Amino acid sequence: MDRAIGIITTNYDTPELRELINGRTAASVPFAGRYRMIDFALSNMVNAGITSVGLITPYKYRSLLDHVGAGSEWSLDRKSGGLFVLPGSVFGISSPGSRFLLRDLRRNLVFLTRAAARYVVLTTANVVANMDFADLINVHEKSGADITMACVDATRDEKNLSNVHVENGKVTGTSKGVKAGELAFADTFVVTYELLMKLLEWYGAIDYLDFFEVISGDYDKMDVRTYKFEGYLRTIYAAENYFRNSMNLLNPAVADELFRKDRPIMTKITDAPPAKYAAGSKVTNSLIPAGCHIEGTVEDSVLFRGVTVCKGAVVKNSIIMQSCTIGENAVVENAIIDRSNKIAPGTVLKGSPDAILIKEKNELAI
């Protein structure tokens, strides 16, 4: 798809992810047993045939670059096009919730000016969805719109999303916060290349603003439309909805829709032996990937690669990340245990459904 290039922005603040972003960016937060958040955005781009993707990084980029590398898992290690790791700007003055900072785009004009494309697809790394970006681009092209915003019906009240206001089929504005049932911006949009370049030139003096703040007074001068996405889509900007949406994966219908065979979600390849279940172990309604060793009990939980649950240990309604060990007779319930933690034998770690306990990752583990 030479007519479009992609930009994934990851240079924004997500304080409500709490301990999950200690030492990492939101884009590299582990998800679904073997993936990272960035995998959905990258895979959606590649599955649509977009072969030139710019990744705007924040200052905490180490774990993100370690994961994406040269983009080989997404077939983006190419001589023509490929994955371009782009620097994000220092936050400075910016509005809370900004995810498409104009200064990030202006700072990377070289990437844009070298592109021979009619359209630019922009998205964040916090959208969990298997969206057909090719269909999004086709709808945008056929409508003749200047900008097409991907939207969904909000499933619950979300202060971190934007409500999209539409009259006579065209967007008239957005507002912070959305209530269940309202039309929510899915943090993904297509913009005509020429218009984007003009906006970057016209509004250079106020490039500390978000893209949609910049155009807030110009909706009547542009043709901005919506693309209604009817599939499963969740945005993750807080620890609570990270936990809730991780647990949604235990519903086979959700997992089947996200991880489709015709549009696969790709990730960094890690070789590991199959999961091993010892005699006397018990696992119910849980996600257990390769490399795990289960001797105890696991119920209604999501585990990552290389997790060991020792004899007599009980894991309930929890997320256990990569290379963790739950010691003998330990109990973990309503918790997120970040990577490389060793829970001592007999330890009890319990949160509640309304107050999930988070144990941050062990930075000293190798």
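The values are calculated or read from the model by the stated rules, or taken from the named source; none is laboratory data. Small disclaimer: the values here were computed from a predicted structure and weren't measured. With ideal geometry, Cβ positions are generated from the backbone for all residues, glycine too; neighbour counts draw on all protein chains shown.
Key figures
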read-out	value
When residues of region 100-123 are limited to those that are surrounded by fewer than 24 Cβ atoms within 10 Å (Cβ to Cβ) and hydroxyl-bearing (Ser, Thr, Tyr), the one farthest from the chain's Cα centre (by Cα)	Thr113
Any chance Gly346 is over 19 Å from Ser246 (Cβ atoms) and at pLDDT 95 or above	yes
Residue among Ser43, Ser72, Ser52 that alone is touching a residue at least 60 places away in the same chain (Cβ under 8 Å), surrounded by fewer than 23 Cβ atoms within 10 Å (Cβ to Cβ) and of a type in the set (Ser, Thr, Tyr)	Ser43
Residue that is nearest to Asn44 (Cα to Cα) [pool: residues in region 197-234 that are modelled with pLDDT of 95 or more and in a strand (DSSP E or B)]	Leu233
Lone qualifier among Ala150, Ala239 - being in contact with a helix residue (DSSP H, G or I) (Cβ under 8 Å, 6 or more places away or on another chain), in the same structural domain as Val46 (by TED's automatic domain parsing), crowded, with 18+ Cβ neighbours inside 10 Å and farther than 30 Å from Ala115 by Cβ	Ala239
Qualifying residue in region 291-311 (condition: of a type in the set (Ser, Thr, Tyr), crowded, with 18+ Cβ neighbours inside 10 Å and not assigned by TED's automatic domain parsing to the domain that holds Val331)	no
Test: residue in region 276-288 that is small (Gly, Ala, Ser), surrounded by 12 or more Cβ atoms within 10 Å (Cβ to Cβ), free of Cβ contacts under 8 Å to residues at least 60 places away in the same chain and over 16 Å from Asn334 (Cα atoms)	yes
Residue list for region 304-333, restricted to those being over 28 Å from Lys268 (Cα atoms) and touching a Pro at 6+ places or on another chain (Cβ under 7 Å)	Gly327, Glu328, Asn329, Ala330
Output for region 247-282, where each listed residue is farther than 23 Å from His67 by Cα and small (Gly, Ala, Ser)	Ala253, Ala278, Ala279, Gly280, Ser281
Single unsatisfied condition, Gln322 versus (1) farther than 23 Å from Arg36 by Cα; (2) modelled with pLDDT of 95 or more	(1)
